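Student: Below is one structure. I have some questions about it.
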Amino acid sequence: MILSLVKAFESKLGLFQPNKQVSFDVIQGVVRQEISHATLFSKYDSAVDHLPKLTVGIVFSGGPAPGGHDVLCGILSHLRSGDQLIGFCGGPGGLLRGDYKLIDTSDMDLIEGLGGFDFLGTDRTKISTNDQFEQVKSVLEPLGISSLIIVGGDDSNTNALFLADALHGRCNVIGVPKTIDGDLQYLPHLPITFGFHTATQHYARLVQQLAIDAVGTTKYWHIVKLMGRSASHVTLEVAHQVMPNACILAEEINQLGWSLMDVIDYFTRVILDRLSKNKPYGIIIFPEGIADVIPELDHYSRGNAAPLNKLLEAVGIEPIQLDDVYEDDHGNKNLSMLNSEKIIMSLVEANLQKHDQARREIKMMPHFFGYTGRAEDPTPFDSAYALLLGKTAYELSLSNVSGVIVGCDFSTIDPSPVGVPLQALVNYDEDRSRYVIKKHLVSDAAIDYKTYQLKKSDWVHHDVNIPRPELFDVPHHLNLDEDQKE
């Protein structure tokens, strides 16, 4: 699969046009008709040398993800003589300030294959008001930018859609899908974002190292919280690789209708089950997003500690003070600041006090793996994928297309880069009272979720062994789809 991505990246430039064989139901009236595309954009062989010179702007938006610098290199590798790439520094905030620099092919030696977003920088500024749209126009026009590429997740690409509407006729806007959470999907045309594979590989290695240490010392239960707000794709991917003794996803909790104590009881049962086999050690993983679906933790993250403290006091734990959990401009709570791994560990410890052997032998350590995964150097998959996404964004720019996000269909024999209408991804959010790109949660109908459910009970007594299991070269659900093709 990686070689196929490289092959697609190394192919000559082409143009994209509407593919009337693939149409979408789009909500009318969200943006102007000219960018309310109802069809997929597919590539066809066409010369590009005769087209007018082009100045492309690019901005990183939202949290960093491995592969961002390769998106830049994907453009630079194919940049025609006379075309320019201008990068805005400091994210959308930098775009509003007009803070930019010219990026050229000499920069590739410095940044290709390099993790992080630090070459340009990023932030979470929301561009949504008419004044902001006018400010963007005043920055782009003097620079002669006729295509703006926004590299970001669901919120950033929601911005991209409305910015495309505001800039219509002056500058095209194209999105590039980025998020380690894996919640920006539109199947089959956009099954994965860049950065997800690298981050999950990074977390899987860390969890595997804890598992190796636990087996070698026959002590410690490691309680691991993983990054992932609304969707549990990261935890699901890591689970398939490291086979934790216990795991719960936010979507599972919703499906089962579990309370916080139901989760605690489940973890306790697994610990006691392993202890009965003389294994007073193990691995528990869960996503930070469980704080959104467990009422006590949700209230706590919103500034109300009373429900959680009532539960803690009922099991003999001292009440806790509120942590600072802030929201960004898009209304997303920073759940990384909530010490849910420590709260869960304390409740499990209290639950184990009823069992003499467990009280004597079980020792626990909490962990949170999150931010380090965002700055990791990209895996070969993410690097090749990001290069192709960058090249495709440039081709869509040459094609005079606006209001689309770059996708890649892996369901075909060879990966096929496409342009997906941003409007096809939006729905009306009652809580925010506006149209936004819908986050793609873990589906109970997905193959990777079904295999997780089938294997989960077998993992209770699993221990990592020699030879070590190899981590996945490509994301697990893409591998499963590849197997189905064969």
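A short reminder: the numbers here are calculations on the coordinates, not readings from a lab. Quantities reported herein were computed from a predicted structural model and do not represent experimental measurements. Every residue, glycine among them, receives a Cβ derived from its backbone with ideal geometry; neighbour counts consider all protein chains shown.
Student: Can you grab the distance from the C-alpha centre of region 181-211 to the C-alpha centre of region 287-311, Å, no decimals?
Tutor: 26 Å
Student: How high is the relative contact order of the chain, in percent, with contacts defined as C-alpha pairs under 8 Å that are six or more residues apart? Mind showing how you got there, number by number?
Tutor: Values: 1019 pairs, mean separation 114.4, N = 486.
24 percent.
Student: Moving to a separate point now. Relative to the Cα centre, what is the charge dipole magnitude of the chain, using +1 at the beta carbon of each Lys and Arg, -1 at the beta carbon of each Asp and Glu, and rounding to the nearest 20 debye?
Tutor: 340 debye
Student: Just one of (1) 148; (2) 221; (3) 261 is volume of the Cα convex hull per residue in Å³ as worked out from the coordinates here. Which one is it?
Tutor: So the calculated entry is the one marked (1).
Student: To the nearest 20 Debye, how big is the dipole of region 238-279 about its Cα centre, given +1 on the beta carbon of each Lys and Arg and -1 on that of each Asp and Glu? Kindly include the intermediate steps, with their values, before the conclusion.
Tutor: Details: 4 positive and 5 negative charges, 67 e Å.
In debye, rounded to 20, region 238-279 gives about 320.
Student: Also, I was wondering about something else. Provide, as a two-decimal number, the C-alpha radius of gyration of region 73-150 over 2.2 N^0.38 Å, N being how many residues it has.
Tutor: My calculation over the Cα atoms of region 73-150 gives 1.16.
Student: Would you mind getting me the FRET efficiency between T105 and D473? Use the beta-carbon distance for r and R0 = 35 Å, nearest 0.05.
Tutor: Numbers: r = 29 Å, r/R0 = 0.84.
So, using R0 = 35 Å, E works out to roughly 0.75.
Student: Calculate, in nm to one decimal, what K310 and S433 gain on full extension: separation in residues at 0.36 nm each, minus their alpha carbon distance.
Tutor: On the way: separation 123, 0.36 × 123 = 44.28 nm, distance 3.32 nm.
Between K310 and S433, full extension yields an extra 41.0 nm.
Student: Ok, one more. Please report how far the C-alpha centroid of region 55-100 lies from that of region 409-470, rounded to the nearest whole angstrom.
Tutor: 28 Å
Student: Please give the helix 233-242 orientation as an angle from the longest Cα principal axis of the chain, in degrees from 0 to 90, rounded to the nearest 10.
Tutor: 60 degrees
Student: Then there is this: Label points 7 Å out from Cα along the Cβ direction at D131 and R97: separation in nm?
Tutor: Computed distance between label sites D131 and R97 equals 1.8 nm.
Student: If we sort 11-18, 131-138 on the protection proxy, mean other Cβ atoms within 10 Å, highest first, what's the order?
Tutor: Output ranking for 11-18, 131-138: 11-18, 131-138.
Student: What residues of region 185-229 lie in the reach of a label at H461, counting those whose backbone N is under 19 Å from a point 7 Å from the Cα along Cα→Cβ?
Tutor: Within reach of a label on H461: 215-216, 218-219.
Student: Please state the relative contact order of region 143-195 as a whole percent: Cα pairs under 8 Å, 6+ residues apart?
Tutor: Relative contact order comes out at 34 percent.
Student: Past 19 Å, Cα to Cα: identify those pairs from K53/K126; K219/K456; K7/K439; K219/K277; K219/K363, in the order given. Walk me through the numbers on the way to the answer.
Tutor: On the way: K53/K126 30 Å; K219/K456 22 Å; K7/K439 31 Å; K219/K277 13 Å; K219/K363 7 Å.
In this structure, K53/K126; K219/K456; K7/K439 exceed 19 Å between Cα atoms.
Student: Quickly rank 428-439, 113-124 as a protection proxy: mean count of other C-beta atoms within 10 Å, highest first.
Tutor: Those peptides, ordered most packed to least, come out 113-124, 428-439.
Student: Using the Karplus equation 6.51 cos²θ - 1.76 cosθ + 1.60 (θ = phi - 60°), what ³J(HN,Hα) coupling, rounded to whole Hz, does each residue of region 261-278 give in order, writing x for Gly and Pro?
Tutor: The phi angles translate into 5, 5, 5, 4, 5, 4, 4, 5, 4, 5, 4, 5, 4, 5, 5, 5, 9, 6 Hz.
Student: Further question: Summing -39500 (n - 2.57) over the DSSP H runs of n ≥ 4 in the chain and dividing by its residue number, what mean residue ellipticity at 222 nm do you reach, to the nearest 500 deg cm²/dmol?
Tutor: -11500 deg cm²/dmol
Student: Taking the number of other C-beta atoms within 10 Å as the exposure measure, put Y220, Y452, Y385, Y300 in order starting with the fewest. The partial results should precede the final answer.
Tutor: Details: Y220 17, Y452 21, Y385 34, Y300 24.
The fewest-first ordering by Cβ neighbours comes to Y220, Y452, Y300, Y385.
Student: Something else now. Skipping prolines and chain starts, which residues have an amide H placed within reach, meaning under 5 Å, of the one on D429, given they are 5 or more residues away or on another chain?
Tutor: Under 5 Å from the amide H of D429 lie the amide H atoms of R434, Y435, V436, each far enough along the sequence or on another chain.
Student: Find which of T105, M243, S77 sits farthest along the positive direction of the dipole of the chain, computed with +1 on the beta-carbon of Lys and Arg, -1 on that of Asp and Glu, about the Cα centre.
Tutor: Of the options given, the answer is M243.
Student: Using Cα atoms only, what is the angle between the long axis of helix 196-217 and the major principal axis of the chain, expressed in degrees (0 to 90) to the nearest 10?
Tutor: Tilt relative to the chain: about 20 degrees.
Student: Which angle between 0 and 90 degrees, to the nearest 10, do you get for helix 130-143 versus the longest principal axis of the chain when only C-alpha atoms count?
Tutor: Around 50 degrees separate the two axes.
Student: Under 8 Å for C-alpha pairs, at least 6 residues apart: give me the relative contact order for region 292-444, rounded to a whole percent.
Tutor: Relative CO of region 292-444 lands at 10 percent.
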